[in-house]
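Enquirer: Submitted below is the structure of interest, expressed as structure tokens.
The values are calculated or read from the model by the stated rules, or taken from the named source; none is laboratory data. Keep in mind that this is a model prediction, so the values were computed, not measured. Don't worry about glycine lacking a Cβ; one is built from the backbone with ideal geometry, like all the others, and counts go over all protein chains shown.
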Amino acid sequence: MIEFRSVRKEYADGTVAVGDLSLVVPERSTTVLLGSSGCGKTTLLRMVNRMVDPTSGTVLVDGRDVKEQDRVRLRRSIGYVLQAGGLMPHRSVLDNVATVPRLEGATRRAAHARAAELLEVVGLDPALGRRYPGQLSGGQQQRVGVARALGADPDVLLMDEPFGAVDPIVRADLQAELRRLQAELGKTVLFVTHDVDEALRLGDEVVVLRSGGVVAQQGTPAELVAAPADDFVADFLGLRSRQRQLSVREQDGRRLVVDADGRPVGVLEGSLEGSLEGSLEGSLEGSLEGSLEGSLEGEVPGA
Ligand SMILES: Nc1ncnc2c1ncn2[C@@H]1O[C@H](COP(=O)(O)OP(=O)(O)OP(=O)(O)O)[C@@H](O)[C@H]1O
């Protein structure tokens with residue numbers, strides 16, 4: 001578990017990046033920090049591994065104040081994935097992934113064996129380990145970045161807009177991969193993004209931030225969409241935009257989900273239809289019939 005207790009960060013030039021923020025990040029789940037550019041997401045993330053020290057307040061990881069821990073050891077024990085991948089360009093992919101095991105004292109051979117395993121964990125062919133980062137696609141480089149972050153088998157994984165620099169298809173692929181990995185590994189993931197769809201897709205919990213690092217709302221994606229705390233959250237999630245106002249239209253035998261402008265955004269699957277029909281038959285229809293009969297019968301005799 002990660003806990004921010006009344007943290008505040010004021011940079012040397014007087015910029016207040018994070019106000020008085022308190023937040024609990026549950027363990028073994030994914031928490032997404034969602035907010036527009038400059039609202040303090042990266043600052044918050046970096047407080048966890050002490051790349052940034054708060055001006056005041058406390059950050060605890062598994063109940064221990066990070067300030068009391070050795071900065072270097074702490075940083076090695078926490079996985080960190082950046083947008084640009086942060087890979088060393090002149091070292092092979094295998095060397096990159098083996099970095100932390102090597103720093104922790106593993107032999108080159110053992111570290112490479114571990115690195116090859118990690119490449120497989122993130123869905124890459126270990127043969128790619130011989131290449132240099134520049135010889136991989138953007139999506140592959142991001143996977144290598146994740147593999148490297150897993151090198152110390154950390155409980156906590158910090159991810160700063162890790163999929164921001166790749167095209168939408170690769171991005172969706174990486175998001176699916178992260179969900180698979182998370183189901184398998186059960187890390188405590190703190191994930192930063194300004195992309196609402198990504199946040200709703202990946203977060204077990206989503207924390208919507210206002211500028212100045214202030215929590216606007218924290219909740220599950222369903223809670224946020226169903227009950228946004230205020231207009232700011234509703235607007236940020238786009239709930240009042242025409243693209244999010246969805247309805248169903250039948251076309252060529254399929255049920256299309258369309259936005260308020262009638263543009264298709266998806267297809268309603270048969271199974272959902274089936275279950276909706278089932279529940280309609282079971283409860284709604286029954287009660288509708290009951291109330292219709294009751295009221296109609298009452299009115300008819302007087303007619
Ligand atoms: N070293 C620094 N010195 C002064 N101001 C800084 C420093 N680092 C960040 N800031 C400022 O603090 C605020 C929060 O920055 P931060 O990088 O945490 O935001 P962010 O939400 O991660 O933004 P983005 O999505 O654009 O990466 C911004 O106004 C930024 O300009």
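Enquirer: Being of a type in the set (K, R) and farther than 16 Å from F4 by Cα is true for just one of R50, R46, R102. Which residue is that? I'd like the intermediate steps shown before the answer.
Expert: Working: R50 fails: farther than 16 Å from F4 by Cα; R46 fails: farther than 16 Å from F4 by Cα.
Selected residue: R102, the only one of R50, R46, R102 that is of a type in the set (K, R) and farther than 16 Å from F4 by Cα.
Enquirer: Got a sec? Which strands (runs of 3 or more DSSP E) wholly within segment 112-228 have at least 1 residues that are surrounded by fewer than 19 Cβ atoms within 10 Å (Cβ to Cβ) and touching a residue at least 60 places away in the same chain (Cβ under 8 Å)?
Expert: Strands (runs of 3 or more DSSP E) meeting the threshold: 205-210, 214-219.
Enquirer: Residues being within 11 Å of the ligand (Cβ to nearest atom), in contact with a helix residue (DSSP H, G or I) (Cβ under 8 Å, 6 or more places away or on another chain) and more than 11 Å from V192 (Cα to Cα): count how many of those fall in segment 35-48.
Expert: 1
Enquirer: Right, here's the next one. Looking only at segment 68-87, how many residues end up being exposed (fewer than 14 other Cβ atoms within 10 Å of the Cβ) and either of a type in the set (A, V, I, L, M, F, W, C) or not assigned by TED's automatic domain parsing to the domain that holds V189 (or both)? Full working, then the answer.
Expert: Initially, segment 68-87 is screened for residues exposed (fewer than 14 other Cβ atoms within 10 Å of the Cβ), giving 68, 70-73.
Within this subset, residues satisfying the condition of being either of a type in the set (A, V, I, L, M, F, W, C) or not assigned by TED's automatic domain parsing to the domain that holds V189 (or both) are 72.
Qualifying residue count, segment 68-87: 1.
Enquirer: Would you point out which residue out of D13, D20 is out of contact with any helix residue (DSSP H, G or I) (no Cβ under 7 Å at 6 or more places or on another chain), part of a strand (DSSP E or B) and within 16 Å of the ligand (Cβ to nearest atom)? Break it down stepwise before answering.
Expert: On the way: D13 fails: part of a strand (DSSP E or B).
Testing whether each residue is out of contact with any helix residue (DSSP H, G or I) (no Cβ under 7 Å at 6 or more places or on another chain), part of a strand (DSSP E or B) and within 16 Å of the ligand (Cβ to nearest atom) leaves just D20.
Enquirer: Still on this structure, I have one more. Would you be able to say whether some residue in segment 24-31 is more than 16 Å from the ligand (Cβ to nearest atom), under 19 Å from G164 (Cβ atoms), hydroxyl-bearing (S, T, Y) and assigned to a strand (DSSP E or B)? If you could, list the steps in order and put the result at the bottom.
Expert: Of all residues in segment 24-31, those more than 16 Å from the ligand (Cβ to nearest atom) come to 24-30.
Filter once more, keeping what is under 19 Å from G164 (Cβ atoms): 30.
In the following step, the residues that additionally are hydroxyl-bearing (S, T, Y) were identified as 30.
Subset that is assigned to a strand (DSSP E or B): 30.
So far as segment 24-31 goes, yes, one or more of its residues are more than 16 Å from the ligand (Cβ to nearest atom), under 19 Å from G164 (Cβ atoms), hydroxyl-bearing (S, T, Y) and assigned to a strand (DSSP E or B).
Enquirer: Could you tell me whether A226 is more than 20 Å from C39 (Cβ to Cβ) and at pLDDT 85 or above?
Expert: Numbers: more than 20 Å from C39 (Cβ to Cβ): yes; at pLDDT 85 or above: yes.
For A226, the condition - more than 20 Å from C39 (Cβ to Cβ) and at pLDDT 85 or above - is met.
Enquirer: Only one of (1) surrounded by fewer than 21 Cβ atoms within 10 Å (Cβ to Cβ); (2) away from the ligand (no atom under 12 Å from the Cβ) is not met by M51, so which one is it?
Expert: (2)
Enquirer: Right, something else. Which of (1) within 16 Å of the ligand (Cβ to nearest atom); (2) in contact with a helix residue (DSSP H, G or I) (Cβ under 6 Å, 6 or more places away or on another chain) is the odd one out, the single condition G79 does not satisfy?
Expert: Here G79 clears every test but (1).
Enquirer: Ok, one more. With (1) farther than 13 Å from G145 by Cα; (2) in contact (Cβ under 8 Å) with a residue 60 or more places away in the chain; (3) surrounded by 21 or more Cβ atoms within 10 Å (Cβ to Cβ) as the list, and G63 as the residue in question, which single condition is left unmet?
Expert: (3)
Enquirer: I would also like to ask the following. Could you check segment 35-59 and list, in sequence order, the residues that are touching a Gly at 6+ places or on another chain (Cβ under 8 Å) and on the phi < 0 side of the Ramachandran plot? Explain how you work it out, then say what you get.
Expert: Pass one, segment 35-59, residues touching a Gly at 6+ places or on another chain (Cβ under 8 Å): 39-41, 43-44.
C39, K41, T43, L44, listed by residue number.
Enquirer: Within segment 45-67, can one find any residue that is assigned by TED's automatic domain parsing to the domain that holds V196, in contact with a Ser or Thr (Cβ under 7 Å, 6 or more places away or on another chain), assigned to a strand (DSSP E or B) and of a type in the set (A, V, I, L, M)?
Expert: No, every residue in segment 45-67 fails to be assigned by TED's automatic domain parsing to the domain that holds V196, in contact with a Ser or Thr (Cβ under 7 Å, 6 or more places away or on another chain), assigned to a strand (DSSP E or B) and of a type in the set (A, V, I, L, M).
Enquirer: Sticking with this structure for a sec: If the requirement is being assigned to a strand (DSSP E or B) and aliphatic (A, V, I, L, M), which of these qualifies: V72, V81? Step through it out loud before you land on a result.
Expert: On the way: V72 fails: assigned to a strand (DSSP E or B).
Matching residue, one of V72, V81: V81.
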